[in-house]
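Here the structure is laid out as structure tokens; the discussion comes afterwards.
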Amino acid sequence: MKNDIYKIAIVRLSALGDIINSAIVLQFIHSNYPNAKIDWITEEMFASVLKDHPLINKLHTINLKKFKKEKKLNILIETIRYLRSLGKYDKIIDMQGLIKSAIVTRVIGKESHGFDKNSTREPLAALFYKSSSNIAYESNVVKRNTFVISDALGFNIDDRMILNKKQIFPVTDNFSLSHDKKNILFVIGASWESKVYPKELIVKLCNKLQENAYIIWGNEEEKIRAEWIVQHSKFAEVAPKLSLNKLISYISHMDLVIGNDTGPTHMAWAQNIPSITLFGPTNQRMIYETATNIGIKSPSKVNILKIDKNDFSIKEIAVDTITTKAKELLYGL
């Protein structure tokens with residue numbers, strides 16, 4: 001155990017899936033520095049997923065998205081003033097590696113650490129750090145997240161530790177689900193349309209599996225899509241509207257999660273729930289695959305340094321392929 005670091009700030013502003021994948025580091029920091037206070041700085045819109053996390057001392061939120069949209073100087077000035085008021089940290093670690101997150105890190109204090117110029121899409125970010133870590137940008141995102149933290153704080157996080165992780169988020173709500181069949185949650189939304197598996201194929205998947213299928217949604221467009229799926233499959237039902245906190249608990253009650261490469265699908269891995277992530281314009285680099293958390297990639301090739309948002313090859317993933325993997329995870333076939 002080490003006791004020479006007492007106050008740590010983690011900067012991970014966005015997005016939802018990245019924050020979920022990043023939060024694994026909290027349990028490892030706590031194991032090595034049990035007396036340290038860990039603060040987290042994030043964008044306001046994603047804060048609820050981290051709210052009341054037992055290993056976070058204080059959650060600090062900023063709204064750079066509002067500044068980008070409104071371009072009002074007073075928003076930026078207030079943000080800088082707020083960051084400077086947070087106090088002194090022994091280590092401030094940027095897990096995002098973008099210029100905006102690097103600036104936030106440096107404004108907070110001098111003891112800043114992040115990815116070096118060869119390890120991020122925005123090499124100029126490295127200019128704002130006092131120290132840095134080198135790991136290929138093409139590396140698995142969870143390994144990148146854990147490495148930049150462990151390198152900054154002087155301990156090791158290996159594959160065995162990641163595979164044996166505890167649930168990342170607390171389960172705060174109980175949901176009464178049917179026990180007559182397996183409960184499968186389908187994640188039908190994503191940040192880009194090309195990451196979305198077609199609703200017609202989800203219907204076929206629900207009808208093949210013939211288990212309880214819950215369709216979650218995050219906006220009205222997704223709700224309409226969910227209702228369409230329910231209209232065409234007697235095995236599906238629309239999930240209730242859920243906050244991020246409740247969504248974590250909801251997912252934690254499932255037997256399997258199937259979905260696009262997006263935040264709620266990553267929650268299944270975070271909570272040690274079996275999952276199948278479907279990839280079109282992105283690839284398995286975005287998840288940490290285990291025996292029960294797997295990815296299925298479309299036939300297209302992906303250049304992660306230049307993602308093609310017009311790659312709609314996800315629709316080429318066969319329903320039978322997903323069905324086979326789902327049955328393996330559900331029944332051990």
Those helices (runs of 4 or more DSSP H) lying entirely in the range 1-119 with at least 1 residues over 29 Å from Ala136 (Cβ atoms): 64-70, 73-84
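One line per residue, one yes/no per condition, for (1) outside the structural domain of Met254 (by TED's automatic domain parsing); (2) touching a Gly at 6+ places or on another chain (Cβ under 8 Å); (3) at pLDDT below 95:
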{"position": "Ala102", "(1), (2), (3)": "yes, yes, no"}
{"position": "Ala125", "(1), (2), (3)": "yes, yes, no"}
{"position": "Asn140", "(1), (2), (3)": "yes, no, no"}
{"position": "Phe175", "(1), (2), (3)": "yes, no, yes"}
{"position": "Ser178", "(1), (2), (3)": "yes, no, yes"}
Among the residues of the range 255-308, which ones are in contact (Cβ under 8 Å) with a residue 12 or more places away in the chain and among the small types (Gly, Ala, Ser)? Gly259, Gly263, Ala268, Ala270, Ser275, Gly280, Gly295, Ser298, Ser300
I'm told Lys51 meets every condition in (1) in contact with a helix residue (DSSP H, G or I) (Cβ under 7 Å, 6 or more places away or on another chain); (2) modelled with pLDDT under 95; (3) within 28 Å of Pro123 (Cβ to Cβ) except one. Can you identify the failing condition by its number? (3)
Matching entry among Phe115, Phe155, Phe169 (being of a type in the set (Phe, Trp, Tyr) and within 30 Å of Ser249 (Cα to Cα)): Phe169
Is it the case that the range 209-219 has a residue that's among the polar types (S, T, N, Q), in contact with a strand residue (DSSP E or B) (Cβ under 8 Å, 6 or more places away or on another chain), surrounded by fewer than 22 Cβ atoms within 10 Å (Cβ to Cβ) and free of Cβ contacts under 8 Å to residues at least 60 places away in the same chain? yes
Residue list for the range 99-153, restricted to those being of a type in the set (S, T, N, Q) and within 20 Å of Asp4 (Cβ to Cβ): Ser112, Ser131, Ser133, Ser150
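The values are calculated or read from the model by the stated rules, or taken from the named source; none is laboratory data. Quick caveat, the model's predicted, so the values are computed rather than measured. A quick note on method: Cβ atoms are made from the backbone with ideal geometry, for glycine too, and the neighbour counts reach across all protein chains shown.
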